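One structure is given here, and the rest of the page talks about it.
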Amino acid sequence: MSHATRTTRGDRLRSAAAGLSAAVVAVGLAELVAAVVEPSASPFAVIGSGLIDLAPSWAKDAAIALFGTGDKVALITGIAIVLVGVAALAGILESRRAGVGSAILGALGVLALVAAMIRPGAGPFAWLPGLVAGVAAVVALRLLMRTVHPVPYLRAEHEERRRFLLWTVGVAATGLAALAIGNVARGATRSIEAVRTMLRLPAPITAAPAVPAAAELDIPGLASVVTPNTEFYRIDTALIVPRIDPADWSLRIHGMVEREVVITWDELLTLPMTETHVTLACVSNEVGGDLIGNARWLGHPIRELLARAGVDSDADMVLSRSSDGFTASTPIEALTDDRDALLAVGMNGDPLPIEHGFPVRMVVPGLYGYVSATKWVTELQVTRFDQASAYWTDRGWSERGPVKLQSRIDVPRPGQRIDAGDAVIAGMAWQQHVGVDGVEVRVDEGPWRRAELATAISADTWVQWRLPWTAESGAHTIECRAISADGETQTSDPADVVPDGAQGWHRIQVSVA
Ligand SMILES: Nc1nc2c(c(=O)[nH]1)N[C@H]1C(S)=C(S)[C@@H](COP(=O)(O)O)O[C@H]1N2
Ligand SMILES: [Mo]
């Protein structure tokens, strides 16, 4: 009896190590099982996704603002740190009172199991990794505890310590090995990438006009007018990117329609394709931010498919849904008017990259991504704004998201030190579907000067601009504002990204030597 209460510092350390080791083997085995039976049921991914879906929108804004596109790595790291803490604590509690620590680790397994089963699109074995995690953690912890608190006087103390070390390290190493094998196995299921690279997309019936030579000012540091796929910003709620085999893909159009339409990949590829440049922007893009990119998209006009389904005249919205349960609410007129709202399959001449929605996504000129650009899209529900709401609308963002008139200074970089004399100020301006007519720049709140505008590809894309500047030594403030094709001047009134996009002038400081 008495030896249980005589817990020393060493006992606590060993118990914490046992807890950690149990957690590592549990995670390793569970990730291995997930990799083999159902990659999207990975405990890390489902708990992470659950947190993303539950998180208040301020937390997500903060995450995007802090980590940008690295927000997911930060989240996984955060979960790992919490897990380490909980596992160590579970070890210590287990050594004080058998059953307490294993109950905690077991509960984490149950949490992963439940989180996996309630994910949209959960497969028949979604529960298995969580179950494996829970059972492995409990068994490992109870086993290891025997080496932390050995039966007294059976062996010499140094022998007991060696036994403890061997077991704890051995169990953790097994977990790490399972994790590594799981990664390899996951890589093997990555053959969707192989399917993607083998694909040949049809040529467009309506080709995109060539990018005018005068669209690209070729200024070092200025964003290129067409964004390469590898540099295109990525924003989504998917911790595990959906991997959809085109052969398994279909799109269902239903709701307030005369007839439901289901279209398969093979069928989609037989339809006439349009190719067009469209600049996609995220509503979370801060003034001066880089959550925006421009690509040449290949796809079939959504209006044709909606016409085929026969839209009810009372409908005013299409709720698009992805394979992983994300939804976006798009005003029906943006999908039925003559703009090129596409069911896109190609991006800059290639099949969509997997993280940009392979095999099929939506692209709608003039609307922020969160209300229009559904990746991995599998469903279009024709409905009404007063009857359904989308993922981000349920989290405090506006139900409609037309892109705001914006401009950005790319050159010089904020805070950059430049030499006195001939310099250039350059940047980008956009209001997709409306178009940009001009950009004005002022230095140190002096008079506004009209910048030279490059040739825009179209009203649906951003446009480059530049202004020669004779830089005098000292600190300077540079600001810019755009004028739309409608004659509107970009407002100086600052607004936060929530609920419908940032606004205000981009303002930078530079120092001239
Ligand atoms: N399935 C799915 N589609 C999505 C999202 C998402 O979270 N899930 N995010 C949207 C948002 S907020 C934006 S800004 C764009 C970004 O597209 P990109 O990652 O290809 O740049 O995708 C949209 N489509
Ligand atoms: Mo977004």
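Looking only at residues in segment 245-257 that are touching a helix residue (DSSP H, G or I) at 6+ places or on another chain (Cβ under 7 Å) and in a loop (DSSP other than H, G, I, E, B), which one is surrounded by the fewest Cβ atoms within 10 Å (Cβ to Cβ)?
Asp245
Of Thr336, Thr374, all but one fail to be among the hydroxyl-bearing types (Ser, Thr, Tyr) and under 27 Å from Ser224 (Cα atoms); the exception is Thr374.
What residue, of Glu193, Glu159, is in a helix (DSSP H, G or I) and free of Cβ contacts under 8 Å to residues at least 12 places away in the same chain? Don't jump to the end; show me each part of the working.
On the way: Glu193 fails: free of Cβ contacts under 8 Å to residues at least 12 places away in the same chain.
Within the list Glu193, Glu159, the selection yields Glu159.
Pairs meeting the criteria (first residue in segment 1-29 and acidic (Asp, Glu), second residue modelled with pLDDT under 95 and outside any helix (DSSP H, G or I), beta carbons under 8 Å, at least 6 apart or on different chains) are Asp11/His149.
Residue-level analysis places Gly293 outside the set of residues that are under 25 Å from Pro494 (Cβ atoms), more than 16 Å from ligand 1 (Cβ to nearest atom) and modelled with pLDDT of 95 or more. Being among the small types (Gly, Ala, Ser), away from ligand 1 (no atom under 11 Å from the Cβ) and more than 15 Å from the chain's Cα centre (by Cα) holds for only one residue in Ala344, Ala307, and it is Ala307. Restricting to segment 202-214, name every residue that is under 25 Å from Leu268 (Cα atoms) and not in a loop (DSSP other than H, G, I, E, B). Hit for segment 202-214 is Thr206, nothing else.
Residue by residue through segment 12-49, note down the ones that are of a type in the set (Asp, Glu) and either assigned to a helix (DSSP H, G or I) or crowded, with 24+ Cβ neighbours inside 10 Å (or both). Steps first, answer last, please.
Residues of segment 12-49 that are of a type in the set (Asp, Glu), as a first pass: 31, 38.
The one that is of a type in the set (Asp, Glu) and either assigned to a helix (DSSP H, G or I) or crowded, with 24+ Cβ neighbours inside 10 Å (or both): Glu31.
Selection of segment 275-290 for residues being among the aliphatic types (A, V, I, L, M), within 11 Å of ligand 1 (Cβ to nearest atom) and assigned to a loop (DSSP other than H, G, I, E, B) yields only Val283.
Residue pairs whose Cβ atoms lie under 8 Å apart, sitting 6 or more positions apart in sequence or on different chains, and linking a residue in segment 367-390 that is assigned by TED's automatic domain parsing to the domain that holds Phe232 and at negative phi to a partner that is more than 8 Å from ligand 1 (Cβ to nearest atom) and of a type in the set (Phe, Trp, Tyr), are Tyr370/Trp397; Thr378/Trp249. Among the residues of segment 171-187, is there at least one that is among the hydroxyl-bearing types (Ser, Thr, Tyr), farther than 30 Å from Pro353 by Cβ, out of contact with any Leu (no Cβ under 6 Å at 6 or more places or on another chain) and modelled with pLDDT under 95? For segment 171-187, residues among the hydroxyl-bearing types (Ser, Thr, Tyr), farther than 30 Å from Pro353 by Cβ, out of contact with any Leu (no Cβ under 6 Å at 6 or more places or on another chain) and modelled with pLDDT under 95: absent.
Can you tell me which of Leu239, Leu217 is hydrophobic (A, V, I, L, M, F, W, C), within 16 Å of ligand 1 (Cβ to nearest atom) and part of a loop (DSSP other than H, G, I, E, B)?
Numbers: Leu217 fails: within 16 Å of ligand 1 (Cβ to nearest atom).
The conditions single out Leu239.
All conditions in (1) farther than 30 Å from Ser250 by Cβ; (2) more than 16 Å from ligand 2 (Cβ to nearest atom); (3) within 26 Å of the chain's Cα centre (by Cα); (4) not in a strand (DSSP E or B) hold for Glu445, with the sole exception of (3).
Here is a yes/no grid of residues against (1) in a loop (DSSP other than H, G, I, E, B); (2) away from ligand 2 (no atom under 13 Å from the Cβ); (3) in contact with a Gly (Cβ under 8 Å, 6 or more places away or on another chain):
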site	(1), (2), (3)
Arg308	no, yes, no
Ser313	yes, yes, no
Asp324	yes, yes, yes
Arg339	yes, yes, yes
Ala344	no, yes, yes
Tyr370	no, no, yes
Phe385	yes, yes, no
Trp397	yes, no, no
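Scanning segment 464-498 for residues that are part of a loop (DSSP other than H, G, I, E, B) and touching a helix residue (DSSP H, G or I) at 6+ places or on another chain (Cβ under 9 Å) yields Asp496, Val497, Val498.
Close contacts from segment 272-290, counting a first residue that is on the phi < 0 side of the Ramachandran plot and a second that is among the basic types (Lys, Arg) and within 15 Å of ligand 2 (Cβ to nearest atom), with Cβ to Cβ under 6 Å and a gap of 6+ residues or different chains, come to none at all.
The values are calculated or read from the model by the stated rules, or taken from the named source; none is laboratory data. None of these values were measured; they are calculated from a predicted model. Cβ coordinates were reconstructed from backbone atoms using ideal geometry, including for glycine residues, and neighbour counts include every protein chain displayed.
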